[in-house]
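Notes to accompany the following structure.
The values are calculated or read from the model by the stated rules, or taken from the named source; none is laboratory data. Since the structure is predicted, the reported quantities are computational estimates derived from the model, not experimental observations. Cβ placement follows ideal geometry from the backbone for every residue including glycine, while neighbour counts extend to all protein chains displayed.
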Amino acid sequence: MRLTHLIFLLYFFSFLNCKQLKLEPTKIEGKLIQITDTLLVDPEIESYIKPFRNHIQKDLDSVLAYSVNTYSKSDGLFNTAIGNFMADAVYSEANPVFKSRTGKNIDMVLLNHGGIRSILPKGHVTKRTAYEIMPFENSIVVVALKSNQIDSLVNYLCRKKKAHPISKLKLTINENGKIIETKIKGEAIKSDKIYYVATNDYLYNGGDNMTFFQTNDSLYVLNYKIRNALIDNFKKIDTINPVIDDRFVQIK
């Protein structure tokens, strides 16, 4: 019998046995292997990746703007300087894209407080800064909402009383949380108008329980990451000096 035939038969019978026998594990063991700097570096691999690493580090650390102070998402109760900056940056960068494709303007922006993952530190602002503030791959989408959905959006913000970043929306509530005034781009909400709201794909899909985005009149996917919008905005402005303002306030 030839060797190839023998190998085939052995493989065939092994396959039959595996099909007939139902094998189940009787014991599972694991071992923790610590990954530390004591592990030896492979010189060949290190030599290969070093130029790529240096290029990425140089690109991430390239200075784009200057921040006057350090800004944190915990600095304000209903709106924060860093949140206002992010929402305004999304409007500034996304609106021209949206208008060039649809002929329409974005009416307002809504992002989420939890999406701000780092401070905006005082001093030089770099691409790395943008990656630290927004490490997620969230992209900008524009959702066409009717007035009743805008009402649900506003009620959500009043109920949560959290500094979710907004732009072009002005919201005033009293000490009991009742809405006193709501305006979009300086005008009261109109019942017969469709509003184009820029947000991120995470919130559009119901993140943070923002269910009011479903069902919508239309959805526009810009294929534009929020992080990239921040980077593009950093490049356009020399000095970053956002403030806490009156876009969402509570009065007594």
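Per-structure values
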item: Which numbered condition Phe234 fails, given (1) hydrophobic (A, V, I, L, M, F, W, C); (2) surrounded by 18 or more Cβ atoms within 10 Å (Cβ to Cβ); (3) out of contact with any strand residue (DSSP E or B) (no Cβ under 6 Å at 6 or more places or on another chain); result: (3)
item: The one condition in (1) in contact with a helix residue (DSSP H, G or I) (Cβ under 9 Å, 6 or more places away or on another chain); (2) modelled with pLDDT of 95 or more; (3) more than 30 Å from Lys146 (Cβ to Cβ) that Thr70 fails to fulfil; result: (1)
item: Subset of segment 178-199 (residues that are modelled with pLDDT under 95 and surrounded by fewer than 11 Cβ atoms within 10 Å (Cβ to Cβ)); result: Lys178, Ser191, Asp192
item: Candidate set from segment 238-252 (those that are out of contact with any helix residue (DSSP H, G or I) (no Cβ under 9 Å at 6 or more places or on another chain) and surrounded by 12 or more Cβ atoms within 10 Å (Cβ to Cβ)); member that is nearest to Phe78 (Cα to Cα); result: Val249
item: Criterion (assigned to a helix (DSSP H, G or I) and surrounded by fewer than 21 Cβ atoms within 10 Å (Cβ to Cβ)) met by exactly one of Lys50, Lys27; result: Lys50
item: Qualifying residue in segment 74-81 (condition: among the hydroxyl-bearing types (Ser, Thr, Tyr) and either exposed (fewer than 13 other Cβ atoms within 10 Å of the Cβ) or closer than 26 Å to Thr129 by Cα (or both)); result: yes
item: Count of segment 204-219 residues which are in a helix (DSSP H, G or I) and over 15 Å from the mean Cα position of the chain (by Cα); result: 4
item: Helices (runs of 4 or more DSSP H) contained in segment 72-184 and holding at least 1 residues closer than 27 Å to Ile231 by Cβ; result: 81-102, 127-133
item: Test: residue in segment 30-41 that is among the acidic types (Asp, Glu), surrounded by 10 or more Cβ atoms within 10 Å (Cβ to Cβ) and more than 16 Å from Ile244 (Cβ to Cβ); result: no
item: Those residues of segment 92-107 which are hydrophobic (A, V, I, L, M, F, W, C) and surrounded by fewer than 20 Cβ atoms within 10 Å (Cβ to Cβ), in sequence order; result: Val97
item: Among (1) farther than 23 Å from Thr80 by Cβ; (2) buried (at least 16 other Cβ atoms within 10 Å of the Cβ); (3) without any contact (Cβ under 8 Å) to a residue 60 or more places away in the chain - the single one Tyr156 does not satisfy; result: (1)
item: Neighbours by Cβ (under 7 Å, 6+ apart or cross-chain): first from segment 60-76, of a type in the set (A, V, I, L, M); second in a loop (DSSP other than H, G, I, E, B) and buried (at least 16 other Cβ atoms within 10 Å of the Cβ); result: none
item: Number of the condition not met by Phe212 [criteria: (1) in contact (Cβ under 8 Å) with a residue 60 or more places away in the chain; (2) under 19 Å from Lys99 (Cβ atoms)]; result: (2)
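The rows are residues; the columns are (1) among the charged types (D, E, K, R); (2) not in a helix (DSSP H, G or I).
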{"residue": "Lys193", "(1), (2)": "yes, yes"}
{"residue": "Tyr196", "(1), (2)": "no, yes"}
{"residue": "Tyr202", "(1), (2)": "no, no"}
{"residue": "Asn223", "(1), (2)": "no, yes"}
{"residue": "Ala229", "(1), (2)": "no, no"}
{"residue": "Pro242", "(1), (2)": "no, yes"}
{"residue": "Asp245", "(1), (2)": "yes, yes"}
{"residue": "Lys252", "(1), (2)": "yes, yes"}
